[in-house]
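Report on one structure; see the data block that follows.
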Amino acid sequence: MSESDGDGTACTCVKILVVDDEEIALKTMCHILKKEGYAVTAATDGGRALAALSGAAFDVVLTDLFLGQIDGLSILARAKDLDPGIEVIIITGFATVDAAVAATRKGAFHFLQKPIKPDEVRNIVARAVQKRLLEKRVFELEQAVAGGVSSIIGTSPKITAIKKLIGRIAGSDANVLITGESGTGKELAARAVHNASSRAKRPFVAINCASFTEALLGNELFGHEKEAFTGATRTRPGLLESANEGSVFFDEIGDMPPAMQAKLLRAVQEREILRVGGTRPVNVDVRVIAATNRDLKELCELGSFRQDLYYRINVISIHMPSLSERKEDIPLLASYFLSRCSKTGDRSLSGFSDEAMAVLCRYDYPGNVRELQNIVERAFSLARGEAVSACDLPPDLTDVAPYAFRSDEGRIRSLEMVEKDYIEWVLRQTGYNKTRAAEALGIDRVSLYRKIRKYALKD
Amino acid sequence: MPDKRPDGKPSKPLAETWGEGMVNHVLLVTDSAYLHEESFFFAKELAKRMGLAINVLILADSGVSSDERRRIDLSLENTAASARAEGITAEAYARFGDQASELLKYLATHSGTRCLVWGGDPGIMLEPVKKNSSHWLMRVRGELDCPIAGALGKKA
């Protein structure tokens, strides 16, 4: 027998195949899952199960281990062949737990022991579905990741606005200045700008201006002629030449020495460079994309950055928000990084516990996305369960209350704003118990009530 | 600086070379020999996550006693050594004078500061702002390009 049904709720986008040769067990599981809103297909033997797998795309398969000629392990293998992301749950009797454990090692998501408990079925299937949907979403993101706009992960208003801006300037060849704190994805944005442009098929060359001394930077950027200095046994083109007709990304351009700034200006204005030791200019056609975490305009006023160069590179300006300004993107980013770890690691985790995700969303990330990535990668290596739990996260996220002083506009926050938020946080932590909150804050209850009134906090 | 520390061992010169600040780092700042333990822990964690070095900067008033200067030297050595023991590249500096000005001078010559972690008394972050009495760090915060962070202690 093979039948499918759904009750038309939102979950019917999730397709589940149930395979069992015991009629009562099959009907029970189908009934439980249909009530949850899944679209369920039932199969009474291995042959029908394989036919169903070939005919439709399922998200989750529940299969008994012993079915006859074609057993649960064969169904597991076939399902994974057709779709490596499908989740398979093995059902087994008490005497075959060892076989079920072996099946889990072959890629089964979990196993259920008979007699089946409805809550257990619901819980394990829900976890399998969650993992499946998350991996599908990450897969879609990765499919679009070729360095284009979709490589910038996030759905918050600020990031959406940046993606739209990059899309709008796709047809332009103007130079771009990207600003933002360390770890906010400035290089990612630079690559997205390049890949959206008509120069996408030409080179993208990245240079970190802070990594080189002045002499080395000059040689790297402009190259040198043969015998220009001791050891220059042949002519060597620089990075600007190698990026010809493409884009050059100058990271930390605020750290570029003044002498280099002058030479770069010439390259941008005249579209020609002089190699070290050279006398004949060499034509270059590059788009400049620059990034900095410093206030270049202020550096111009201080005299450490050339104003004419600033205006040449700041034709289009993109500001990457700090992660604390787009906290709604944290779950998606964290899941993306976790999925990447699962793909490259030797195991797979289903996601984050509710408590772990709450901790991740509360933290302010002075190190921005790069810091979040590191935290997730560390948690992945430490996690022993199926999901990342709060205890897998670094202790300063869970035990200590770090605080980054910024306003929503990226400026430093006033002490009043900080005090208001901190008192609100302490009240939540203490369950709005005024005595405990006052004690934790080191003030008396009268003072606490005064502050609650002052900031119109919930009490 | 005296040739020998109070324990008789020769004092090592602190890293005081200006202009070597191109290395990207977390700047851990305090204004005395006291270092808030949880802020230091947090600074180390942040440095590890970001792949950054730690520069420890003690900004003290020019009128501090010689005993306090010795304590400051020791504090710098111990802090840098503790960070290095965890595999973090660390340098330590002490500056004496107007703390706000010294901080700005430091930042002007050390462009690799990616985040400032306040390692002094965390209470200054929460004091109400009173006219002419706010902490010097709060007076210069508007000049900074990087985020300021600090640890407020163990959660309730």
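Tabulated results
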| read-out | value |
| --- | --- |
| Of residues in the stretch A:233-264 being touching a Lys or Arg at 6+ places or on another chain (Cβ under 6 Å) and farther than 18 Å from A:Leu177 by Cα, the one least open to solvent (accessible area, probe 1.4 Å) | A:Thr235 |
| A:Ala99 vs. criteria within 21 Å of A:Glu22 (Cβ to Cβ) and either open to solvent by less than 60 Å² (accessible area, probe 1.4 Å) or not in a helix (DSSP H, G or I) (or both) | yes |
| Qualifying positions in the stretch A:173-209 - crowded, with 19+ Cβ neighbours inside 10 Å and within 30 Å of A:Gly277 (Cβ to Cβ) | A:Asn175, A:Arg199, A:Phe204, A:Val205, A:Ile207, A:Cys209 |
| Those residues of the stretch A:379-406 which are without any contact (Cβ under 8 Å) to a residue 40 or more places away in the chain and under 22 Å from B:Val117 (Cα atoms), in sequence order | A:Leu393, A:Pro394, A:Pro395, A:Asp396, A:Leu397, A:Thr398, A:Asp399, A:Val400, A:Ala401, A:Pro402, A:Tyr403, A:Phe405 |
| Qualifying positions in the stretch A:257-276 - without any contact (Cβ under 8 Å) to a residue 60 or more places away in the chain and either assigned to a strand (DSSP E or B) or among the aliphatic types (A, V, I, L, M) (or both) | A:Ala259, A:Met260, A:Ala262, A:Leu264, A:Leu265, A:Ala267, A:Glu272, A:Ile273, A:Leu274, A:Val276 |
| Criterion violated by A:Ser322 - all others in (1) open to solvent by less than 10 Å² (accessible area, probe 1.4 Å); (2) away from every other protein chain (no Cβ under 14 Å) satisfied | (2) |
| Residue list for the stretch A:265-274, restricted to those being among the acidic types (Asp, Glu) and surrounded by 14 or more Cβ atoms within 10 Å (Cβ to Cβ) | A:Glu272 |
| Residues of the stretch A:279-311 satisfying the condition of being surrounded by fewer than 22 Cβ atoms within 10 Å (Cβ to Cβ), part of a helix (DSSP H, G or I), more than 14 Å from chain B (Cβ to nearest Cβ) and touching a residue at least 12 places away in the same chain (Cβ under 8 Å) | A:Asp308, A:Tyr310 |
| Residue in the stretch B:54-66 that is crowded, with 20+ Cβ neighbours inside 10 Å and of a type in the set (D, E, K, R) present | no |
| Within the stretch B:125-156, tally of residues that are modelled with pLDDT of 60 or more and within 8 Å of another protein chain (Cβ to nearest Cβ) | 17 |
| Subset tally (residues that are within 10 Å of B:Gly119 (Cβ to Cβ) and more than 9 Å from chain A (Cβ to nearest Cβ)) for the stretch B:36-53 | 4 |
| Count of residues meeting criterion [in a helix (DSSP H, G or I), free of Cβ contacts under 8 Å to residues at least 60 places away in the same chain and under 19 Å from A:Leu309 (Cα atoms)] in the stretch A:170-227 | 7 |
| The stretch A:228-254: number of residues that are under 30 Å from the mean Cα position of the chain (by Cα) and assigned to a strand (DSSP E or B) | 5 |
| Residue tally, condition over 25 Å from A:Tyr363 (Cβ atoms), small (Gly, Ala, Ser) and modelled with pLDDT under 80, over the stretch A:416-459 | 1 |
| Odd one out for A:Arg340 among (1) closer than 20 Å to A:Tyr365 by Cβ; (2) out of contact with any helix residue (DSSP H, G or I) (no Cβ under 7 Å at 6 or more places or on another chain); (3) buried (at least 17 other Cβ atoms within 10 Å of the Cβ) | (3) |
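The values are calculated or read from the model by the stated rules, or taken from the named source; none is laboratory data. Note that this is a predicted model, so its numbers are computed, not measured. Note that each Cβ is placed from the backbone with ideal geometry, even for glycine, and that neighbours are counted across all protein chains shown. All accessible areas refer to the heavy atoms of the entire protein, side chains included, with ligands and DNA or RNA removed. Shrake-Rupley method; radii C 1.70, N 1.55, O 1.52, S 1.80 Å.
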